[in-house]
Amino acid sequence: MRSEFDVIVVGGGAAGLMAAGKAAERGKSVLIVEKNKRLGEKLRITGGGRCNITNAELDRRVLLKHYGKGEQFLYSAFSQFGVEQTFLFFESLKLPLVVQARKRAFPHTERAEDVFLALERYLRKGKVTVRTESKVTRIKSTPTEDGTRKIQSIICGKEEFKAASVIFATGGVSHPETGSTGDGFRWLEKLGHTVVAPSPTIVPLAVQEEWAKKMPGVSLSFMKITFFLEGKKQFSKTGKILFTHFGISGPLILNAAKRVGDLLQSGAVTAAIDAFPHTDLGSLERRIIAVFDRTKNKMIKNALADIVPAGTDECILELLRGRIDPDTKVHSITKEQRKHLVQLLKALPLTITGLMGYDRAVIADGGIPLTEMDMRSMRSQKVKNLFLTGDLLHVNRPSGGYSLQLCWTTGAVAGTHA
């Protein structure tokens, strides 16, 4: 096998596949080295296997506000390859996108595997050479006259590969089972870059209460959750909540995780879920009275399903124990017991014990500060012939397609300039 190429891409995830394909489009000879047995491991599980490819916000200024402090650095890259170009790109690969709630865009097949297969065809068309099960064990570099460095070669075990340009697309540290174990950060430190320590930022929350862990898979739409620090209200969010065997997840929770993590540094964090956020206490009580009138001869355990969100009746019953016996006939429920039920449904109690770790993180932040990058080309300012992409960059962003769009954008720009 040949050992010299125009461009070497280290990492075969979303950003790496895009970068390799774009470089090949320009007629460059390209090699991808990937330590896993196959390319695209994390891409295949993205969005629960559906792959939220991007967020269909076409106003660049509005879109970039979702990238926190990275906003000011990203305009050049997104002007070269942004959301509109992403739509056109996948359409050119015969994989049109569909836009769903909250402007989240998915492949029309809603299969992450189809996204990978489309990109794989793109690489074949560009005659990209792929080496899987090739872990980089060493990077040879030399200093240059201007105080930067230059990569001479990439060593994978007993093999050595050389290229005029090298693109790192190794990912961060979220989902380490897919190969994102922070290798790129360690190499970049040795090459002279600063690395901001990563922390999982878009993760589920662990809770103390057993009732919440007893309904894994139950998903509730349009719930309102309010977080408290030492009993004082901090912030609220409304959206979908997914219950798991360890706590709570779903888009709403994932996007609140960073703020909750900050609160946990200061003290005890509790939360209350309002199961009827658009109904006030009086209206909810009247609604329950109407159900009780229809089911007055039933036991409360059998009538509760007509009142509470689907899939939660057994857990609500557990929360009511000590105040209402499950076998109590509805007509025997007292006014005080009824009001307790109303108040419970407006504030289901949770104690947040922590954030789940990298193994369950959708995104982990950390990485190379954007001040050490030429963001017009994704070129490193520390290493002359090195380009960086995706999760290697220190950019905060929420879930909802923003992370993959960062991969497509930075990958395309690096592949265009390498």
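The values are calculated or read from the model by the stated rules, or taken from the named source; none is laboratory data. Keep in mind that what you see is a predicted model, and the values were worked out from it rather than measured. Note: ideal-geometry Cβ built from the backbone for every residue, glycine included; neighbour counts use all protein chains shown.
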- prompt: What is the residue count in region 224-235 for residues that are touching a Lys or Arg at 6+ places or on another chain (Cβ under 9 Å) and either farther than 15 Å from residue 261 by Cα or outside the structural domain of residue 276 (by TED's automatic domain parsing) (or both)?
  reply: 2
message: Among the residues of region 371-380, are any under 30 Å from residue 45 (Cβ atoms), surrounded by fewer than 23 Cβ atoms within 10 Å (Cβ to Cβ), modelled with pLDDT of 95 or more and not β-branched (Val, Ile, Thr)?
response: yes
message: Quick check on my filter: what residues within region 105-115 are crowded, with 21+ Cβ neighbours inside 10 Å and in contact (Cβ under 8 Å) with a residue 60 or more places away in the chain?
response: 105, 112, 115
task: Those residues that are of a type in the set (Val, Ile, Thr) and over 45 Å from the mean Cα position of the chain (by Cα), I need them from region 334-344; list them, please.
output: 334
field: Pair list, Cβ < 9 Å and 6+ apart or interchain, from region 386-400 residues that are over 23 Å from residue 255 (Cβ atoms) to residues that are at pLDDT below 90 and in a helix (DSSP H, G or I)
entry: 388/184
query: Of all residues in region 381-390, which are modelled with pLDDT under 95 and of a type in the set (Ser, Thr, Tyr)?
result: none
task: Tell me the strands (runs of 3 or more DSSP E) entirely within region 107-197 that contain at least 2 residues that are at pLDDT 95 or above and more than 20 Å from residue 411 (Cα to Cα).
output: 138-143, 149-156, 159-168
- prompt: Looking at this structure, is residue 378 aliphatic (A, V, I, L, M) and on the phi > 0 side of the Ramachandran plot?
  reply: yes
field: Residues of region 40-66 that turn out to be part of a helix (DSSP H, G or I), among the acidic types (Asp, Glu) and surrounded by fewer than 14 Cβ atoms within 10 Å (Cβ to Cβ), as a count
entry: 0
- request: Taking the residues in region 67-96 that are under 16 Å from residue 43 (Cα atoms) and not β-branched (Val, Ile, Thr) as candidates, determine which candidate is surrounded by the most Cβ atoms within 10 Å (Cβ to Cβ).
  value: 90
- prompt: Is it true that residue 291 is of a type in the set (Val, Ile, Thr), surrounded by 14 or more Cβ atoms within 10 Å (Cβ to Cβ) and in contact with a Phe, Trp or Tyr (Cβ under 7 Å, 6 or more places away or on another chain)?
  reply: no
- prompt: at positive phi and surrounded by 14 or more Cβ atoms within 10 Å (Cβ to Cβ) - does that describe any residue in region 196-211?
  reply: no
message: Restricting to region 216-249, name every residue that is surrounded by fewer than 19 Cβ atoms within 10 Å (Cβ to Cβ), touching a residue at least 60 places away in the same chain (Cβ under 8 Å) and touching a helix residue (DSSP H, G or I) at 6+ places or on another chain (Cβ under 7 Å).
response: 246
task: Output the helices (runs of 4 or more DSSP H) that fall wholly within region 245-315 and possess 3 or more residues being within 20 Å of the chain's Cα centre (by Cα) and within 18 Å of residue 221 (Cβ to Cβ), or say none.
output: 251-264
